[in-house]
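The values are calculated or read from the model by the stated rules, or taken from the named source; none is laboratory data. Being a predicted model, the structure only gives us computed values, none of them experimental. Don't worry about glycine lacking a Cβ; one is built from the backbone with ideal geometry, like all the others, and counts go over all protein chains shown.
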Amino acid sequence: MMNTFTTLLGIETPMVQAPMGGAAGPHLTASVSNAGALGTLPLSGADADQARQRLRQVRQMTARPFAVNLNASKNQDARMDLCLEEGVPAFSLFWGQSPCLVARAKAGGAVVMQTVGSAKEACEAVDAGADVIVAQGWEAGGHVGGTVTTMALVPAVVDAVGSVPVIAAGGIADGRGMAAALALGAQGVWIGTRFLASDEAAIHPEYIARLLAADETATGYYESLFDIGWPDAPHRVLRNSTTKAWETAGRPENGARPGEGDIVASSSSGGDIQRYQCLTPGTDLRGDIEALSMWAGQSVGSVRRVLPAGDIVREILNEARRVALRLAEGADRQAAPAMLKEDTRR
Ligand SMILES: Cc1cc2nc3c(=O)[nH]c(=O)nc-3n(C[C@H](O)[C@H](O)[C@H](O)COP(=O)(O)O)c2cc1C
């Protein structure tokens, strides 16, 4: 499944492990890249020492390409320069656009992928020089910039940006979703929630258990609920005791929400954690994990097993090939056998 996107990034499989702050560390990034897809390492909040250490950890585990994710609404100049010094070949920028940051990355020889939530934003990103557009639909887990679903967004963005590769994000957790995204004109898929249930994701076991038990109706989209540390940033999470208490109370304004100020958990690295805090529950947390912001997309309904990340890559790719074959068989029986080439590596 090679195309313009895979050639640009130097990868085999048109799949990206979505950056997931607090969940995707060097192990997940390297495992996905080693499986032939693109691993992505979020570094938005890392200080220089942490960033360098994590980049070197990735490099120790893989020689393959990977990307670094940065929040473009903050000044990332120093962090990007450090990444370029360390030889990072690609960046993923999200939460706003920064033509200066795009220019900086490109001057350093890196590929730039920009996350957008509308065709208009996609055109702005292309004008700023982005090489790849990530069209993130409303069903995505974590922070969500737009309000259009992946099914409607991807073709709109594909039509708007011409030959620039578009990657579909949000709601894709298996090969059926991958095949559907490619059918919409995307050149690849950007997958987050599915990789939360991987051996390498650095999240709390209680969070994983809740993901595995959740169905497709289990998430909610909130404008600014888990806002301590990051206000006014819409997000999708598993609904839990915190979201339900707030909804039952009539969705009161911030400052009048149930349990505001409660300390619900603590971590060895970050100390006390308040209800409504914006945080990915990590392995070092203790306390009421269920009450915290357990980011997840609607695709959580198809997440049923924890697997090594490389197996997830291969499982999704092989299923997408089978779906494509099934569709091609209906259209052209002569062309079908060439498409049935399963990747059986372990
Ligand atoms: C736990 C979690 C953390 C996330 N953190 C980030 C982040 O730091 N940077 C970013 O660009 N996107 C982040 N996202 C959004 C993902 O990059 C991606 O757009 C989303 O997961 C795709 O939808 P899916 O979850 O349905 O696969 C996060 C998503 C999740 C689930």
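Comparison of Y222, Y207 shows that the only residue that is touching a residue at least 12 places away in the same chain (Cβ under 8 Å), hydroxyl-bearing (S, T, Y) and within 11 Å of the ligand (Cβ to nearest atom) is Y207.
Checked against (1) within 20 Å of E85 (Cα to Cα); (2) touching a residue at least 40 places away in the same chain (Cβ under 8 Å); (3) in contact with a helix residue (DSSP H, G or I) (Cβ under 7 Å, 6 or more places away or on another chain); (4) buried (at least 18 other Cβ atoms within 10 Å of the Cβ), P65 meets all criteria but (4).
Would you call D311 over 16 Å from G175 (Cα atoms) and either within 23 Å of the chain's Cα centre (by Cα) or not polar (S, T, N, Q) (or both)? So D311 does not fit the description; no. Just a yes or no: is a residue in region 116-128 closer than 27 Å to L196 by Cβ, in a helix (DSSP H, G or I) and among the acidic types (D, E)? Yes: region 116-128 contains one or more residues that are closer than 27 Å to L196 by Cβ, in a helix (DSSP H, G or I) and among the acidic types (D, E). Can you confirm whether M20 is surrounded by fewer than 19 Cβ atoms within 10 Å (Cβ to Cβ) and under 22 Å from D284 (Cβ atoms)? The answer is no for M20.
Contact map, region 174-200: first residue farther than 23 Å from A30 by Cα, second residue hydrophobic (A, V, I, L, M, F, W, C) and within 8 Å of the ligand (Cβ to nearest atom), Cβ cut-off under 6 Å, separation 6 or more or different chains; pairs are A181/I172.
Within region 31-57, being over 16 Å from N71 (Cα atoms) and either at pLDDT below 95 or buried (at least 24 other Cβ atoms within 10 Å of the Cβ) (or both) holds for S31, V32, S33, A35, A37, L38, G39. The residues listed here are G255, G282; of these, the one that is closer than 21 Å to L212 by Cβ and either within 16 Å of the ligand (Cβ to nearest atom) or at pLDDT below 95 (or both) is G282.
For region 264-296, which positions are part of a strand (DSSP E or B) and free of Cβ contacts under 8 Å to residues at least 12 places away in the same chain? Walk me through how you get there before you give the answer.
The initial filter retains those residues of region 264-296 that are part of a strand (DSSP E or B), namely 264-267, 271-274, 277, 282, 285-287, 295.
G271, D272, listed by residue number.
For first residues located in region 118-134 and at negative phi and in contact (Cβ under 8 Å) with a residue 40 or more places away in the chain, partners that are more than 16 Å from the ligand (Cβ to nearest atom) and of a type in the set (D, E) and lie 6+ apart or on another chain with Cβ distances below 6 Å do not occur. Does region 192-204 contain any residue that is more than 14 Å from the ligand (Cβ to nearest atom), farther than 20 Å from N71 by Cα and within 18 Å of the chain's Cα centre (by Cα)? Scanning region 192-204 turns up at least one residue that is more than 14 Å from the ligand (Cβ to nearest atom), farther than 20 Å from N71 by Cα and within 18 Å of the chain's Cα centre (by Cα).
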